[in-house]
Amino acid sequence: MVPKMLALFVIAAALTQAQAVTQITLPDQYHTFLTNQLIGKSLSIPKSFLDVLQTCHVIFPNGLVYEAFPNNRLPAGPITFLHAAQPFTSCAIGFLGADVSLSGTYELMSLVNHSADNSLSLTRQRFHLTLVEIDPWKGDA
């Protein structure tokens, strides 16, 4: 885990061209969601629409780190990066038709350039996700 985080900081440092980065850790969030082919759920780190998202990375429950933005390198499947029209793009992933086996702790890391003072911040947040499968045609929940 430490080598992965060190690699991310090296990437962030290279992107910032020696500009200082403020590190922010938001409180963990706990969610239980219903899942099927019709119900989607998203996890995101909010940002002002005036600020610019530089990078977004996702750590999956198995510890693997994937770049979601600017290059979507998430594995094909029910977890996707949620694109938005600029300037509204934020670090967000969506789950649609996700199997309950995808329950676990996901961590988002968002590198943002703040327009007010041209500063950078690396924000991290963990999401403890429990997926519960339902069949809307049978009426069970």
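The values are calculated or read from the model by the stated rules, or taken from the named source; none is laboratory data. Everything numeric here is computed off the predicted structure, so don't read it as measured data. Quick reminder, even Gly has a Cβ in these numbers, built from the backbone with ideal geometry, and neighbours come from all protein chains shown. Side chains included, ligands, DNA and RNA excluded: accessible areas come from the protein's heavy atoms. Shrake-Rupley method; radii C 1.70, N 1.55, O 1.52, S 1.80 Å.
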Looking only at residues in segment 80-112 that are over 16 Å from Leu43 (Cβ atoms) and at pLDDT 95 or above, which one is surrounded by the fewest Cβ atoms within 10 Å (Cβ to Cβ)? Leu111
Please give the number of the condition Thr130 fails out of (1) in a loop (DSSP other than H, G, I, E, B); (2) closer than 19 Å to Gln29 by Cα. (1)
Can you name the number of the only condition in (1) touching a residue at least 24 places away in the same chain (Cβ under 8 Å); (2) in a loop (DSSP other than H, G, I, E, B); (3) among the small types (Gly, Ala, Ser) that Ala85 fails? (1)
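Filter segment 80-110 down to residues that are of a type in the set (S, T, N, Q) and within 14 Å of the chain's Cα centre (by Cα), then give me how many there are. Give the steps one after another, and end with the answer.
Going residue by residue through segment 80-110, those that are of a type in the set (S, T, N, Q) are 80, 86, 89-90, 101, 103, 105, 110.
Next, only the ones that are within 14 Å of the chain's Cα centre (by Cα) stay: 80, 89-90, 105, 110.
Number satisfying all stated conditions: 5.
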If you check Thr22 against the conditions, is it open to solvent by 50 Å² or more (accessible area, probe 1.4 Å) and more than 15 Å from the chain's Cα centre (by Cα)? yes
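Only one of Pro61, Pro27 is open to solvent by 70 Å² or more (accessible area, probe 1.4 Å), in contact (Cβ under 8 Å) with a residue 24 or more places away in the chain, in a loop (DSSP other than H, G, I, E, B) and under 17 Å from Leu129 (Cβ atoms). Can you tell me which? Spell out how you get there, then give the answer.
On the way: Pro61 fails: open to solvent by 70 Å² or more (accessible area, probe 1.4 Å).
Going through Pro61, Pro27 in turn, just one is open to solvent by 70 Å² or more (accessible area, probe 1.4 Å), in contact (Cβ under 8 Å) with a residue 24 or more places away in the chain, in a loop (DSSP other than H, G, I, E, B) and under 17 Å from Leu129 (Cβ atoms): Pro27.
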